[in-house]
Amino acid sequence: MLAPVCVGATSDLETHFPSRLHQFVWRNWELANLDRMALVASARPQALRDLGRSMGLPPKPRLTSDQLRRIYITVIRQNWRLLPLEQITELLGWSREKLEFTLKEDDFLDHKLGPKPVCARIGWSTPSPSERKRAAEIRQLIQTLVGKELSVPPEPAFHFVERLSRLETSPRRAANARPGADQIDLSSYRIESEGPVPEPLPGIVRRHLLSVGAAENGAARLSLRVDPKLPASTFVVENSTLAAGSPAALFQAVRWLQDETEFAGGPYLPAARVERRIRLDPRYIYSYFALYGDPLMETDIDPFPGGYLDKLARAGINGVWMQCLLNTMAPSSRFPEFGKGSEHRLASLAKLVERAGRSGLKVYLYLNEPRSMKAEFFERRPEIRGAESRGLYAMCTTPPIVRDWIAASVAHVFERVPELGGVFFITMSENLTNCFSKFHPETCPRCSRRKSWEVVGEVIEAIRAGVRQSSKSAEVIAYDWGWPEDMCRELIPKLPSDTRLLSVSEWSLPIERGGVKTEVGEYSISAVGPGPRATANWRRANQAGVPSMAKTQFNNTWEISAVPYIPVGNLVAEHCARLVRSGIGGIMASWTLGGYPSPNLEIAKEFYFAPEPSPEEALRRVAERRYGSKARDLVLRAWAAFSAAFELYPYSVAIYTIPTQHGPANLLRAKPSGIGSSMILFPQDDYKAWSGRYPPHVAFREFGRMAGQWQAALGDYRKAMTMAAAEGRQSAMEDLAIAETCWIHFQSTANQIEFYILRDGEPTAEARSRMREVARQEIELALRLYPLARRHSAIAFEASNHYYYRPTDLLEKIVNCRYLLDHELKEIE
């Protein structure tokens, strides 16, 4: 079932474009190739190229097959209100079935897009004289304002995938120091291995020591060994011997060696005995660029390349997670529709698990089961048709047949891929799964008579039983996302002792910002956890003998996910210090957003091992290791200022709809559009909804305050990045672009709220004048962001939403605002 069509709603007809055809060409200039666009529009490719040139667009990029397969959500979003579904499918080169699967299962994309408006087909027509005149005006505007930047070759879309996938062969700091009296010199070394040392480790050590200036086969002896006399979580470094109580701990010893030699500026280790214990385990994260919907069928799009895994391991991560749809992973005699392609998926999964293991990482599967089905699935199975939501029905888990299928399918997966790290699962989510998952149990004849915690507890037990049938050591992690208080109170004490409880650290944290008292109800970095909900649930779990874990976001959140990470190291360090004191035993460090190797992850890593440093020590160490001693103090000052500014974020605005993800790419509307915002993808002009619990004028004021303080800190950060050690200069420039983008998005959000407050207020001359000034500011912000987005392909990307905007969308914002100034706002005056 495709997304419902909104009867009476029509597609966007942007008045700043000459025609819908011009809009189609512009919106897809960086998203699709001309041959496919021409097929959709029944045009010649050259004719569409000429149409783009007539509007002053930069040279048309030719997208590779890899880029096209990674950008489909952006294609769907950009054409959702422009093309009918048939033409969207044609533009993608997909079948109707593939589009339907993607809308339903790719992180509930259909919900994020909202109802599909009625759209007329796009077709070729020769531009009229008035259309050619308008295109020429746009061309002149773009050439005047953007000029030479149009001819600068951009970094291609998704170039960050290639960069992150490369195995690093050189350190961030050159080997130019000399060993001190308190250091062991490994400039000329040989490696000896004792015990069950994992095969990749000597190679990892050898490659790194060569990169920091060491010579192999020398006199110094470097010993790697697993010592069963040591605790499994402990590693010891003494007299150039790296010893650990387990292979997993030895991996961490090697990563410690890499950090120490980089920090020392050469192949030198402390002469003093070092003993460290793994305090938090597991520590898993989502791939920054994995496809979300059905990644195991896309075998040539690797979610975990070796170079990327190595970078995560250097940042202290020892696990990665990916979505798993159970009805695609195992055959079933009871449900013969299930399991198609499962052999292929399991073979792909086994390869991923093996490769991750070579970097010391485990793979964890995310389950959100059982997935809802269409009505026809239940025609011969009315006894398991459960609660209904949006035209789909739950596979009711009260009948044992459904729970037996869950257990058998999970057991099949772990039997075929026994080295899996484990599973974590959500039982109350946006997806309809069990009959209580969408809080509609009254529509199920069985569950309407039951307690929610009884039903959810049975689902948890079915998953656990399946895992334990095939694995005694894999982790079984119950995520309490969405559990109401009565369920937490009743269910957590009944969890099996061989499971873990995962809880969002900062949820329910009380805060007051802009004079508005509220509490955190989603992922947050601006509010430092843990909060009362998590601590209460961890306490319940610990009393039941169930280990507890924290769900965190150390890189970014929906507060702003258009950057790979938010440079607020002080908030990250303080959160980690508090988590260590809370006694939790493991970390899930991201949802789909937040998997970028970053300074934030490096800061968090400092707290994964005991003895842990103070927040100040962790920040200082990471700043110097990443940027060098000359830049360190300026970096620390900027991080502190960014952190203080970010604490002003008016949390409890509607973070899923407010345009902090889109920044100046979100168009301005001089007249109300009448279109409501939708989750993440379409902010529209729905500013009252954006403001959430805040009056709009307060949301505007607080975003303005935050943006102002952030901008003030950019001077120190800009100077620090130019002082960074030469080996890290490229990443330093990206770090600067990320900080600049944060400010631009915060300021643009304030601008947009102000613009709409003025638009809908008293039509005074002062208000009209200020609206024009805001439109000019938005042009300036788009102009400032445009080169950043062109030079840094990670800007505006998030794994489950792909690109929120491409550079051409920023050019459209310029055209949009100039049109308002010359026509619609002018008419108001």
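The values are calculated or read from the model by the stated rules, or taken from the named source; none is laboratory data. It should be emphasised that the depicted structure is a prediction, and the values quoted were computed from it without experimental measurement. Neighbour counts are summed over all protein chains in view; Cβ atoms, including those assigned to glycine, are modelled from backbone coordinates with ideal geometry. The area values use the complete protein model at the heavy-atom level, side chains included, leaving out ligands, DNA and RNA. Shrake-Rupley method; radii C 1.70, N 1.55, O 1.52, S 1.80 Å.
Quick notes on this one:
- Restricting Leu51, Leu63, Leu21, Leu31 to those that are touching a His at 6+ places or on another chain (Cβ under 8 Å), surrounded by 15 or more Cβ atoms within 10 Å (Cβ to Cβ) and either within 23 Å of Ile142 (Cα to Cα) or modelled with pLDDT of 95 or more (or both) reduces the list to Leu51.
- Residue match in the stretch 95-104 (condition: open to solvent by 20 Å² or more (accessible area, probe 1.4 Å), over 20 Å from the mean Cα position of the chain (by Cα) and aromatic (Phe, Trp, Tyr)): yes
- Residues in the stretch 213-245 that are closer than 26 Å to Thr169 by Cα, outside any strand (DSSP E or B) and of a type in the set (Ser, Thr, Tyr): Ser240 only.
- Pairs where the first residue, in the stretch 119-132, is touching a residue at least 60 places away in the same chain (Cβ under 8 Å) and the second is open to solvent by 60 Å² or more (accessible area, probe 1.4 Å), C-beta under 6 Å, 6+ apart: Gly123/Ser42; Trp124/Ser42
- Pair list, Cβ under 7 Å, 6 or more apart: the stretch 276-297 residue within 19 Å of Tyr565 (Cα to Cα), other residue in a helix (DSSP H, G or I): Ile285/Leu312; Tyr288/Leu164; Phe289/Val161
- Identity of the residue in the stretch 764-813, of a type in the set (Lys, Arg) and open to solvent by 10 Å² or more (accessible area, probe 1.4 Å), that ends up farthest from Pro597 (Cα to Cα): Arg768
- Any hit, the stretch 491-500, residues being assigned to a loop (DSSP other than H, G, I, E, B), among the polar types (S, T, N, Q), within 20 Å of the chain's Cα centre (by Cα) and farther than 30 Å from His697 by Cβ: no
- Among the residues of the stretch 273-303, those that are buried (at least 21 other Cβ atoms within 10 Å of the Cβ), touching a Gly at 6+ places or on another chain (Cβ under 9 Å) and outside any loop (DSSP other than H, G, I, E, B) comprise Arg283, Tyr284, Ile285, Tyr286, Leu296.
- As for the stretch 780-787, it holds at least one residue that is within 16 Å of Leu667 (Cβ to Cβ), of a type outside the set (Lys, Arg) and in contact with a Gly (Cβ under 7 Å, 6 or more places away or on another chain).
- Residues of the stretch 391-406 that are of a type in the set (A, V, I, L, M, F, W, C) and either part of a loop (DSSP other than H, G, I, E, B) or open to solvent by 50 Å² or more (accessible area, probe 1.4 Å) (or both): Cys396 alone.
- Total residues in the stretch 555-600, condition in contact (Cβ under 8 Å) with a residue 60 or more places away in the chain, in contact with a Ser or Thr (Cβ under 9 Å, 6 or more places away or on another chain) and within 21 Å of Ser233 (Cβ to Cβ): 7
- All positions within the stretch 202-212 that are open to solvent by 40 Å² or more (accessible area, probe 1.4 Å) and assigned to a loop (DSSP other than H, G, I, E, B): none
- Candidates Glu485, Glu454 - the one that is without any contact (Cβ under 8 Å) to a residue 40 or more places away in the chain and within 17 Å of Gln543 (Cβ to Cβ): Glu485
- Residue list for the stretch 525-547, filter: part of a loop (DSSP other than H, G, I, E, B), out of contact with any Lys or Arg (no Cβ under 8 Å at 6 or more places or on another chain) and open to solvent by 40 Å² or more (accessible area, probe 1.4 Å): Gly545
- Within the stretch 618-635, residues that are touching a residue at least 60 places away in the same chain (Cβ under 8 Å) sit with their Cβ atoms under 8 Å from residues that are open to solvent by 10 Å² or more (accessible area, probe 1.4 Å) and small (Gly, Ala, Ser), at 6+ positions apart or across chains, in these pairs: Arg626/Ser731; Tyr627/Ala725; Gly628/Ala725; Lys630/Ala725; Ala631/Ala725.
- Considering Val423, Val459, Val410, Val467, the condition of being at pLDDT 95 or above, of a type outside the set (Gly, Ala, Ser), in a strand (DSSP E or B) and in contact with a strand residue (DSSP E or B) (Cβ under 9 Å, 6 or more places away or on another chain) is satisfied by Val423 alone.
- Within the set Phe235, Phe251, the sole residue that is open to solvent by less than 20 Å² (accessible area, probe 1.4 Å), closer than 28 Å to Arg355 by Cβ, touching a Gly at 6+ places or on another chain (Cβ under 6 Å) and not polar (S, T, N, Q) turns out to be Phe251.
- Residues of the stretch 33-86 classified as in a helix (DSSP H, G or I), more than 33 Å from the chain's Cα centre (by Cα), in contact (Cβ under 8 Å) with a residue 60 or more places away in the chain and more than 21 Å from Leu150 (Cβ to Cβ), total: 2
- For the stretch 426-456, the set of residues classified as over 27 Å from Ala589 (Cβ atoms), part of a loop (DSSP other than H, G, I, E, B) and open to solvent by 10 Å² or more (accessible area, probe 1.4 Å) consists of Leu432, Phe436, Lys438, Phe439, His440, Pro445, Arg446, Arg450, Lys451, listed by residue number.
- Test: residue in the stretch 19-28 that is outside any loop (DSSP other than H, G, I, E, B) and more than 21 Å from Glu131 (Cβ to Cβ): no
- Among the residues of the stretch 495-513, none is identified as surrounded by fewer than 18 Cβ atoms within 10 Å (Cβ to Cβ) and in contact with a Phe, Trp or Tyr (Cβ under 7 Å, 6 or more places away or on another chain).
- Candidate set from the stretch 164-201 (those that are within 22 Å of Tyr627 (Cβ to Cβ), under 27 Å from the mean Cα position of the chain (by Cα) and open to solvent by less than 40 Å² (accessible area, probe 1.4 Å)); member that is modelled with the highest pLDDT: Leu164
- Candidate set: the stretch 727-750, residues that are touching a helix residue (DSSP H, G or I) at 6+ places or on another chain (Cβ under 7 Å) and either without any contact (Cβ under 8 Å) to a residue 60 or more places away in the chain or not in a helix (DSSP H, G or I) (or both); chosen: the one nearest to Ile779 (Cα to Cα): Gln747
- Across the stretch 600-638, the number of residues qualifying as of a type outside the set (A, V, I, L, M) and within 20 Å of Leu361 (Cα to Cα) comes to 7.
- For Arg701, the test of being without any contact (Cβ under 8 Å) to a residue 24 or more places away in the chain, basic (Lys, Arg), outside any loop (DSSP other than H, G, I, E, B) and over 21 Å from Ala562 (Cβ atoms) is failed.
- Residue count for the stretch 574-587, restricted to those that are over 20 Å from the mean Cα position of the chain (by Cα) and assigned to a helix (DSSP H, G or I): 7
- Taken over the stretch 304-324, the residue count meeting the criterion of being in a loop (DSSP other than H, G, I, E, B) and open to solvent by 10 Å² or more (accessible area, probe 1.4 Å) is 2.
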